[in-house]
Amino acid sequence: METTAWMQLHSVMNATRERRPLARATLRRVGAFARPHRRRITGFVLLSVVTALLAVATPVLAGRVVDAIVSGGDSRRVTTLALLIALIALAEAGLGLLNRWLSANLGEGLILDLRTAVFDHVQRMPVAFFTRTRTGALVSRLNNDVIGAQRAFSNTLSGVVGNIVTLLLTLAVMLTLSWQITLLALVLLPVFVVPARRTGTRMAALQREAATHNAAMGTQMTERFSAPGATLVKLFGRPADESAEFARRARRVRDIGVRTAMAQSAFITALTLVSALALALVYGLGGHYALTGGLEAGSVVALALLLTRLYAPLTSLAGARVEVMSALVSFERVFEVLDLEPLIADRPGAREVPPGPVAVEFDDVRFAYPSADKVSLASLEEVAALDTRAGGEVLRGVSFRAEAGSTVALVGSSGAGKSTIAQLLPRLYDVDGGAVRVGGVDVRDLSAASLRATVGMVTQDGHLFHDTVRANLLLARPEAGEDDLWDVLRRARLDTLVAELPDGLDTVVGERGYRLSGGERQRMTIARLLLAGQRVVILDEATAHLDNTSEAAVQEALTEALAGRTAVVIAHRLSTVRAADLILVVEGGRIVERGTHTELLAADGRYAELYRTQFRAGAGTEPVEAV
């Protein structure tokens, strides 16, 4: 009884304080998720009913044993009743294990379905979704909210069904034994339930505060323990202040833990006391009736045992609505993510990229970044309301063509729109006007799988996962063999470095690849690109932050990567694009100049201005960087 009462208090603590109506649409969707598990749910409910029946049978049989002893009956009857009680106990134990197995399978199966659905859905979201969403809030939907929804089946469902059956049977049997004692015992019910409500409210406030402090500590640890965060703290932070702030929150969580433990102990003690008082009432009044001949001695024992099985289901059922609403809130938070439609999706009958060499074309492309309400959720950004204002137009009628096997370079000021052009080609965003074509086909008419297999991209940060060299390379082509890996490492000028690592291909590169230098990370991403073998390559400032030595090594690797491929190269260092077949100067979302390096210098326009600025910055040496 104490365990059930504590579970009730726990549900009150974790439930929303808002009184919300049952959402029929949510219930229908919950039913849709539960439909594949309907056989297990049916078995689960039936077992809960049988278990409840057995729970009531034991006290009744125990009362009959006492009556048989008091009346001096046949010992074989006592033995038979004792054997029945033992068999019921064995059946309860077996059914309890089976019920728990069904409960675990049902709950974990639901978690699997929900998590897989959310994970797959989130993977289809556009890049704009991830640029606005807080990662921690999104991960919470996959963990806390999914588990909260799971409780609706593994705890609430069996609890409601089993408790209703237990309550009705217990009351029916108790009333047949002595309606007077039963009614008096129920008088103490408010003393049993009210503390759960009041203590639950108090505990909920403590738990919310503890959760806030824990979340803040988690954020602090996540940011400070990452490689960039740790570096920033060491360079500019105040370690003593960081430690004091963390300790302050940790001490508050400790104090809340102590108060929570004491509140729990006081609550359980109070419930135990109420239960003892109710038992005293049964034994006192029941004993009086037994001595005066109004009640059998066995009935007194049966009433006492049944009473212990009466308060627990009453308390749980009193909080059933809270449990259901808590579970529905979790479901709604999960469905909120699933209801956010991806802006980018395959059209019906999406085509494959045509075989052979691939040309790239931008035809009068116009584009503005989507507003927040189209790609995100306020709860995931942790804001009161999403910004509905659309961004200003970033690209204004961009047109160019990169012939198959040629290299087109994009140069210009920061913020001119070069990276936006690069992101439209692999369809990380969709254009607002005009068209982007790969192999003569609008990218919106191509399947995502075919487009990803055709277009590869290397960004300036050279991102790697906290995994082995092998695993980071196999992202490009999981079926690649050992010889394929070493071949691309050789072509990326990394084979000697990897061979000297402690575990070779199985060496872990660290978070974001921080065990490697900037140039090594870039060459690793180029090796991954080479392994993928894509026909179109995008290089977004792949050498922007490298020293001359690293840049030379990366340029050698890029020569391998670009050979025979259509390439779109974004660069600030004009020295890296002089050999391009076509150079486009982008300013203010428009192409203001186009031509070869020689032609653009002769035109003495914006490109020539950038080139001279870099030449002066390099003090007579090779141009270094655009302004």
Given a 1.4 Å probe, the accessible area of the stretch 40-164 per residue, as a whole number of Å², is 50 Å²
The answer for GLU587, listing residues at least 5 apart or on another chain whose modeled amide H is closer than 5 Å to its amide H, is VAL592
Computed ³J(HN,Hα) along the stretch 124-130: with the Karplus parameters 6.51/-1.76/1.60, θ = phi - 60°, integer Hz and x for glycine or proline, the list is 8, 6, x, 4, 4, 4, 6
Excluding ligands, DNA and RNA, the carbon-plus-sulfur percentage of the accessible area of the stretch 449-537 with a 1.4 Å probe reads 49 percent
Put TYR289, TYR429 in order of accessible area, largest first, probe 1.4 Å, and you get TYR289, TYR429
For the stretch 441-546, listing chymotrypsin sites (Phe, Trp or Tyr not before Pro) in a DSSP loop whose Cβ sees at most 14 other Cβ atoms within 10 Å gives PHE465
In Å², rounded to a whole number, the accessible area per residue of the stretch 357-503 with probe 1.4 Å is 43 Å²
Dividing the surface of the Cα convex hull of the stretch 426-532 by four yields a projected area in nm² of 7.7 nm²
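The values are calculated or read from the model by the stated rules, or taken from the named source; none is laboratory data. Quick caveat: nothing in here was measured; it's all calculated off a predicted structure. Glycine gets a Cβ as well: all are built from the backbone with ideal geometry, and neighbour counts include every protein chain shown. Side chains are part of the model used for accessible areas, which takes the heavy atoms of the whole protein and leaves out ligands, DNA and RNA. Shrake-Rupley method; radii C 1.70, N 1.55, O 1.52, S 1.80 Å.
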